[in-house]
1. How many lysine pairs in the range 4-174, separated by 8 or more positions in sequence or lying on different chains, have Cα atoms less than 22 Å apart?
2. Among residues other than Asp51 whose Cβ falls under 13 Å from its Cβ, what is the net charge (Lys/Arg +1, Asp/Glu -1)?
3. If I take every Cα pair under 8 Å that is 6 or more residues apart in the range 4-174, average their sequence separation and divide by the length, what percent do I get for the relative contact order?
4. Given R₀ = 25 Å, FRET efficiency for His110-Gln154 by Cβ-Cβ distance, to 0.05?
5. By per-residue mean of other Cβ atoms within 10 Å, what is the highest-first order of 153-160, 72-79?
6. How would you rank 21-34, 49-62, highest first, on the average number of other Cβ atoms within 10 Å across their residues?
7. Sort the range 53-137 into rounded, prolate or oblate with this rule: let a ≥ b ≥ c be the square roots of the eigenvalues of the Cα gyration tensor; rounded if a/c is under 1.5, and if a/c is not under 1.5, prolate when a/b is larger than b/c, oblate otherwise.
8. Considering amide H positions built from the backbone, and no H for Pro or chain starts, which residues 5 or more places from Gly150, or on another chain, come under 5 Å of its amide H?
Amino acid sequence: MAKKILMLVGDYVEDYEVMVPFQTLLTVGHQVHAVCPDKRAGDVVRTSIHDFEGDQTYTEKRGHNFKLNATFAEVKPEDYDALFICGGRAPEYIRLNSKVIEIAQHFAKHNKPIASVCHGVQVLTAANVVAGKKISAYPACAPEVNMAGGHYEQIAMDDAIVDGNIVSSPAWPSHPACSPSSLSSWAQRLCMKKAQSPKMQMKTSRDMRVIAMLLPAFFFRGDRAALSRLEVEVTPPLYPADLWSDALFEKPHFQ
């Protein structure tokens with residue numbers, strides 16, 4: 001079943017961190033609304049390209065224009081199933097908008113999935129929703145994660161971490177790479193309460209790839225070894241709109 005996802009962006013959002021998840025989630029059949037404070041559907045935000053070229057921090061270059069497809073003022077967070085917060089320069093200023101904070105707090109309060117990449121965590125720390133959580137982000141954000149009561153986890157740039165309903169990663173290199181072991185761990189927490197026997201039923205191996213998307217590892221290879229560790233029975237593939245398993249959004253699985 002297709003899901004409705006809210007994506008928070010702003011001027012100089014990191015190019016890969018908005019383009020890749022936005023286009024991928026649309027490709028598999030979900031509805032994604034990309035919004036920016038004080039902008040409407042059809043407006044654009046400018047992107048920045050953050051790269052790692054051997055310096056002590058990332059370099060920054062001008063990217064593309066990214067067209068918004070929804071109007072921020074019309075957003076009702078209760079209408080959405082999940083929240084994706086992109087990184088780059090945008091989070092440091094969009095978090096000054098009170099509605100942005102209210103949106104993040106809504107998803108945290110109702111235990112809906114939240115994905116944050118790189119500097120996206122600055123929205124979550126400002127919203128005071130990371131307390132007690134293991135959180136990854138760009139390393140320069142570590143002090144504010146810890147000051148907000150979270151536990152900053154120093155992981156590889158191409159890795160991600162899951163704690164409850166929040167998945168977070170340090171930068172765009174985390175898109176294509178995801179550890180099958182971390183996928184298995186998260187899938188098990190999400191689906192165990194649904195299982196009625198030691199052997200769980202999942203509709204398709206693509207459910208695992210859906211979990212990867214939220215990490216956000218959008219091109220998970222569908223490792224059968226990861227499925228076998230969960231003792232998952234795989235039945236025939238579903239149509240693209242079914243790739244996002246309902247199991248991810250049933251509230252009890254995030255407790």
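Each reported figure results from applying straightforward, stated rules to the coordinates on display, with no laboratory input. Since we're looking at a predicted model, the values are computed, not measured. Using ideal geometry, Cβ is built from the backbone for each residue, glycine included, and neighbour counts are taken over all protein chains shown.
1. Lysine pair count for the range 4-174: 20.
2. Once positives and negatives cancel, what remains is -4.
3. Over the range 4-174, the number comes to 20 percent.
4. The pair His110/Gln154 has a calculated efficiency of 0.25.
5. Descending mean neighbour count gives 153-160, 72-79.
6. Highest to lowest by the protection proxy: 21-34, 49-62.
7. oblate
8. Gly132
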